[in-house]
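Data first, discussion second: the structure below is written as structure tokens.
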Amino acid sequence: MGLLHWFGGGILAGSLWSWAGAGLLPIAYLTTRRRRNLTALVCGLGIGLGLWRSHHFNLLLQSQRWTGKLSDAVGLVCAPADRRDGYTFLTICFCDPPTTVRAKIDPYADFEIGDYVAVSGSVAAPTSQNNDFDYARYLERYLVFGTMKQPHIVPLTDPPHSNIKLRLWRTLTATRHRIENQLNRLLPEPEASFLAGLLLGSRRLIPPDVLADLQKTGTTHIIAVSGANVVIIASFVLIAARYITFNTRAAWWLSLIIIWCFVALTGISAAAVRGATVATFSLWAKHARRHVPATTALIIPAAVSVVINPAILHDLSWQLSYAAFFGIIVIAPWLHNRLAKKTLKLPSIMIETFAATLTTTPISWWSFGTVSLSGLLVNPLVLGLVPLATGVGALSVVASSLIPVFNPLLRLVTTVVLRSMLTIIHLGSFIPLSWGEK
Amino acid sequence: MGRKIAIWTSLVGLALWSLFGYRAHPNTLVMLDVGQGLSVLFTDPAGWQLLYDGGPGGITTAALGRTLPIWDTAIDVVVLSHPHVDHSAGLIAVLQRYQIGELWLTAPTNPDQTTQELLRLAKDRQIPLRLISRGTTIITPGGAQLAILSPKSPYDPHPPPRAHAATPVIVIKSATTVMLTGDLDAEDENELLGFCSVSVLCPAKVAVLQVAHHGSKYVTSAAFLARFLPKIALISAGVDNRYHHPHPDTLERLSNQQIPYSRTDYSGTITRQLTPSKQ
């Protein structure tokens with residue numbers, strides 16, 4: 001387990017900066033008591049892999065940055081259509097020229113992932129509206145290198161290729177839309193979009209005032225499919241699977257399959273993969289009866305996500321998420337022990353929230369110039385309701401599809417739970433515990 | 001023990017607030033805070049509802065969700081005043097989420113993408129369409145009388161159309177009188193004044209006036225205010241909107257006639273209980 005730890009650490013350091021990798025090697029050597037040379041070798045391999053992957057990735061980025069005019073260029077819609085108020089973003093992958101662009105099109109255009117299209121229009125380099133936001137770097141995280149405004153797009157009725165991966169994507173997207181539509185039919189707003197955020201991580205339809213309340217109270221993380229959401233789902237699934245199969249091994253496999261199906265349903269977002277990797281890792285450790293050090297459980301999923309996409313290192317939500325993880329699994333137990341020695345008893349959720357706030361605050365200050373501590377008060381109140389809301393919400397989606405006669409009751413119960421959460425968050429947004437210049 | 005009681009009391013209080021904290025009680029007019037756009041909900045004494053316009057987007061359904069009771073999934077009549085996105089775009093989400101009894105509109109001569117999508121959706125959901133114009137009247141189940149005062153015809157006689165041509169002006173006589181004007185333009189306002197100088201369809205006074213076109217300086221003239229003598233004016237406008245609505249000239253005209261006004265950009269969603277005492 002220690003070797004795995006140093007291998008993952010090496011990848012992260014190598015991907016971040018080469019000198020960080022160079023610095024890690026002697027630390028690995030000096031802090032290990034047994035098998036020093038092997039540890040240093042594994043760490044070095046990790047650093048090498050990190051360096052190679054980031055170099056390879058930079059070459060890929062350079063080769064795909066392209067601007068110019070397209071005339072009936074054949075492209076593939078390679079990500080789910082991102083529908084917003086008043087417009088839709090369509091991610092289109094081209095082979096010739098080899099690039100991927102984000103096209104802004106009208107909101108009712110009926111394109112979806114897997115569609116082959118002929119595109120005409122100008123591809124421009126992404127430009128930011130303000131100096132505080134690097135739009136080009138933001139898009140590169142999604143491997144998007146150019147933008148198009150209102151291009152002429154014609155669907156190709158005779159697609160050049162079709163493969164199982166695309167068909168799977170289309171099925172998943174359709175299922176996701178079906179769940180969202182089911183929520184829209186069942187619940188009023190803003191509860192429907194809030195529950196879609198809790199269950200599927202989709203936040204694009206959440207009204208701006210609710211998003212502002214979430215940001216002010218430091219509770220935005222509850223609508224991102226994070227480790228917490230995945231672990232809640234995993235726990236429900238594990239309990240249900242044990243009842244269904246009466247077999248621990250089968251229950252374990254079933255949980256894993258359902259967790260990753262759930263991740264696929266959320267659109268395989270980086271946050272969901274992160275959460276699922278952590279959940280899988282901890283499930284595996286429990287199943288194999290292995291003790292997994294907290295830092296290893298943190299480093300391995302981080303290293304895997306960086307190998308897949310090195311640009312994610314610059315992603316603010318990735319940074320905040322791992323900083324919060326670090327706070328919860330490393331700082332919080334330490335705080336717990338210190339407070340226990342002083343015979344001070346605090347609910348563990350308060351300690352964890354405090355630890356996560358402690359580790360994420362420097363990043364928030366660096367990025368936004370603001371610090372909000374109202375989350376310290378609001379998070380313990382809201383997080384207590386998250387499992388209830390997730391459970392009731394998921395149950396409502398399933399039950400309303402199977403037995404529509406109970407819809408009025410489901411609407412009432414689910415809305416009351418969600419509205420109570422939103423009311424707490426809204427009231428919390430008035431707590432004057434924010435500082436900053438922006 | 002005391003802490004448990006406090007937690008449970010708070011949770012029950014929150015649940016009760018969620019259930020009964022809605023605004024759309026019988027006989028109320030709610031101007032929803034939809035930013036720079038317009039959406040007004042009227043509920044008659046029997047709970048019959050009319051939604052006049054849908055605001056600029058998804059924000060309307062959130063405002064509507066907070067306004068209607070949790071168990072309410074239907075709206076009897078939805079009115080599209082004219083095909084501009086700040087009035088029509090939010091109706092797409094409304095039609096997707098609520099059961100709509102009828103969709104009222106004047107004939108759009110040049111429907112934009114949003115209106116086309118709205119009409120497609122209405123067709124898909126089998127929502128009956130009704131072209132409205134001067135002379136259309138109904139009595140709601142709660143006894144409120146609705147009359148359309150403008151436009152003369154649902155069809156614009158002179159295409160290409162003016163930007164805000166054929167916006168329906170609706171007068172609702174319930175416990176008190178309400179006038180909804182959408183984005184009425186100066187030409188139609190003058191035509192309406194001419195009509196109301198001779199017609200008994202027009203009320204002598206209105207208690208609540210929705211100020212036309214977010215308080216634009218070109219409408220809600222002194223003559224219009226003098227004719228209908230509103231007791232209170234409601235203005236729907238977005239905070240720091242780029243059109244600088246409502247215009248100071250319009251506010252001055254209201255002040256000159258000593259008509260108090262409420263604005264959604266200052267007050268958020270505005271609720272008026274329509275009782276005779278408010279007249």
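The values are calculated or read from the model by the stated rules, or taken from the named source; none is laboratory data. If you're wondering where the values come from, they're calculated on a predicted model, not measured in any experiment. Counting neighbours? That spans all protein chains shown, and the Cβs are built from the backbone with ideal geometry, glycine included.
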- Determine whether segment B:229-240 contains at least one residue that is surrounded by 15 or more Cβ atoms within 10 Å (Cβ to Cβ), over 19 Å from B:Val30 (Cβ atoms) and not charged (D, E, K, R). no
- Query: From B:Leu119, B:Leu103, which residue is in contact with a Lys or Arg (Cβ under 8 Å, 6 or more places away or on another chain), more than 10 Å from chain A (Cβ to nearest Cβ), aliphatic (A, V, I, L, M) and not in a loop (DSSP other than H, G, I, E, B)?
  - Reply: B:Leu103
- Query: Pairs, please: C-beta under 6 Å, at least 6 apart or cross-chain, first residue within 14 Å of another protein chain (Cβ to nearest Cβ) and closer than 26 Å to A:Ala279 by Cβ and in segment A:204-230, second surrounded by fewer than 22 Cβ atoms within 10 Å (Cβ to Cβ) and at pLDDT 80 or above?
  - Reply: A:Arg204/A:Arg84
- Identify, please: which residue in segment A:103-123 is of a type in the set (A, V, I, L, M, F, W, C) and within 28 Å of the chain's Cα centre (by Cα) and is, among those, farthest from the other protein chains (Cβ to nearest Cβ)? A:Ile113
- Item | Set B:Ile70, B:Ile7: member being within 22 Å of A:Thr415 (Cα to Cα), touching a Phe, Trp or Tyr at 6+ places or on another chain (Cβ under 9 Å) and among the aliphatic types (A, V, I, L, M) | B:Ile70
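Would you point out the residue of segment B:38-62, among those that are touching a residue at least 12 places away in the same chain (Cβ under 8 Å) and within 10 Å of another protein chain (Cβ to nearest Cβ), that is nearest to B:Ser216 (Cα to Cα)?
Here the residue is B:Pro56.
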- Message: Checking the structure you have, find out if any residue of segment B:72-90 is crowded, with 22+ Cβ neighbours inside 10 Å, of a type in the set (Asp, Glu) and touching a His at 6+ places or on another chain (Cβ under 7 Å).
- Response: no
- Note on the structure: Restricting segment B:106-116 to residues that are buried (at least 17 other Cβ atoms within 10 Å of the Cβ) and in a helix (DSSP H, G or I), the one nearest to the other protein chains (Cβ to nearest Cβ) turns out to be B:Thr114
- Note on the structure: Of the residues in segment A:193-243, those that are assigned to a loop (DSSP other than H, G, I, E, B) and modelled with pLDDT of 75 or more come to A:Leu205, A:Ile206, A:Pro207, A:Thr217, A:Gly218, A:Thr219
- Note on the structure: Counting only residues in segment B:63-81 that are touching a residue at least 24 places away in the same chain (Cβ under 8 Å), over 12 Å from the mean Cα position of the chain (by Cα) and not in a helix (DSSP H, G or I), the one farthest from the other protein chains (Cβ to nearest Cβ) is identified as B:Asp76
- Counting only residues that are closer than 29 Å to B:Val85 by Cα and assigned to a helix (DSSP H, G or I), how many does segment B:198-227 have? 7
- Residue count, segment B:86-100 (criterion: within 7 Å of another protein chain (Cβ to nearest Cβ) and either touching a Cys at 6+ places or on another chain (Cβ under 6 Å) or under 30 Å from B:Tyr155 (Cβ atoms) (or both)): 2
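Taking A:Thr414 as the residue in question, decide whether it is at pLDDT 85 or above, buried (at least 18 other Cβ atoms within 10 Å of the Cβ), hydroxyl-bearing (Ser, Thr, Tyr) and over 21 Å from the mean Cα position of the chain (by Cα).
So A:Thr414 fits the description; yes.
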- Under the condition of being crowded, with 18+ Cβ neighbours inside 10 Å and under 15 Å from A:Leu205 (Cβ atoms), which residue from segment A:166-181 is farthest from the other protein chains (Cβ to nearest Cβ)? A:Arg176
- Looking only at segment B:2-36, which residues are part of a loop (DSSP other than H, G, I, E, B) and on the phi < 0 side of the Ramachandran plot? B:Gly21, B:Tyr22, B:Arg23, B:Ala24, B:His25, B:Pro26, B:Leu32, B:Asp33, B:Val34, B:Gln36
- Task: Show the residue pairs that are 6+ apart or on different chains and have beta-carbon atoms under 9 Å apart, the first residue being within segment A:348-367 and over 8 Å from A:Gly327 (Cβ atoms), the second being among the polar types (S, T, N, Q).
- Result: A:Ile349/A:Asn379; A:Met350/A:Asn379; A:Thr353/A:Asn379; A:Thr361/A:Ser372; A:Ile363/A:Gln319; A:Ser364/A:Thr370; A:Ser364/A:Ser372; A:Ser367/A:Gln319
- Query: Limited to segment B:188-197, what total is found for residues that are among the hydrophobic types (A, V, I, L, M, F, W, C) and in a loop (DSSP other than H, G, I, E, B)?
  - Reply: 0
- Query: Here are some residues: A:Ser122, A:Ser128. Which one is under 26 Å from B:Gln36 (Cβ atoms) and among the hydroxyl-bearing types (Ser, Thr, Tyr)?
  - Reply: A:Ser128
- Subset of segment A:152-192 [of a type in the set (S, T, N, Q) and not in a helix (DSSP H, G or I)]: A:Thr157, A:Ser162, A:Asn163
- Query: Of A:Pro107, A:Pro160, which residue is modelled with pLDDT under 85, closer than 25 Å to A:Ser63 by Cα and either in contact with a strand residue (DSSP E or B) (Cβ under 8 Å, 6 or more places away or on another chain) or surrounded by fewer than 18 Cβ atoms within 10 Å (Cβ to Cβ) (or both)?
  - Reply: A:Pro160
- Message: Exactly one condition in (1) within 9 Å of chain A (Cβ to nearest Cβ); (2) polar (S, T, N, Q); (3) without any contact (Cβ under 8 Å) to a residue 40 or more places away in the chain is false for B:Ser18; which is it?
- Response: (3)
